[in-house]
Amino acid sequence: TELNVSDNKLRRLPITELCAIPSLVRLACAGNGALVSPPPEVARQGPEQSVLFLQQVVQQGQQNTTISFVAIGDGESGKTSVINALLSDEDVSAPIHEDARTVGIQIQTWQPCIAAKLSLQVLDLAGQAVYSIGHQFFLVRRAVYMLVWRVVD
């Protein structure tokens, strides 16, 4: 059996119910950019891969409780200071000296609410031009981005 739900602006599919159809071997769902599962990169691989992905999610899937939180902006714009304040119990950041600036990338884990079981992988990308070529490897679709800029120069 084949089900074609392509190009319908869908956000969700009834995954458990679809996987309960034993004869379903093809699920065409490309063109639904907001669809979470299967993600667009899986849907583009074809209808068979979409069904296999959903079956694996139902059988072996685990909820992802980690989100990437990426701070981007020019050098000395205050990215590290904002991150330090977010991670601080007092919501403040100590001054950052010139020799303690971010080199390349600094990665930390932040769990804002322990009860929520959610953690953020905080990526502080250095803002100097020499490091910008490496930023492309950390810019992903499913992340929270914080753009920091200096209002006054």
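The values are calculated or read from the model by the stated rules, or taken from the named source; none is laboratory data. Source: prediction; values computed, not measured. Heads up, the Cβs are rebuilt from the backbone with ideal geometry, glycines too, and the neighbour counts pull from every protein chain shown. Side chains included, ligands, DNA and RNA excluded: accessible areas come from the protein's heavy atoms. Shrake-Rupley method; radii C 1.70, N 1.55, O 1.52, S 1.80 Å.
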Problem set entry | Only one of Asp124, Asp74, Asp91 that is acidic (Asp, Glu), more than 30 Å from Ala20 (Cβ to Cβ), open to solvent by less than 70 Å² (accessible area, probe 1.4 Å) and at pLDDT 80 or above | Asp124
Problem set entry | Residue in the range 94-116 that is more than 15 Å from Val70 (Cα to Cα), at pLDDT 75 or above, among the charged types (D, E, K, R) and assigned to a loop (DSSP other than H, G, I, E, B) present | no
Exercise. List, please: which pairs have Cβ atoms under 8 Å, are six or more places apart or on different chains, and start with a residue in the range 81-100 that is in contact (Cβ under 8 Å) with a residue 60 or more places away in the chain and end with one that is of a type outside the set (Asp, Glu)?
Worked result: Val82/Ala71; Val82/Ser93; Val82/Met146; Val82/Val148
Exercise. Pick from the range 1-52 the residues that are under 23 Å from Arg141 (Cα atoms) and of a type in the set (Asp, Glu): which of them is surrounded by the fewest Cβ atoms within 10 Å (Cβ to Cβ)?
Worked result: Glu41
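On the given criteria, is Ser81 open to solvent by less than 50 Å² (accessible area, probe 1.4 Å), modelled with pLDDT of 85 or more and closer than 30 Å to Thr16 by Cα?
For Ser81, the condition - open to solvent by less than 50 Å² (accessible area, probe 1.4 Å), modelled with pLDDT of 85 or more and closer than 30 Å to Thr16 by Cα - is not met.
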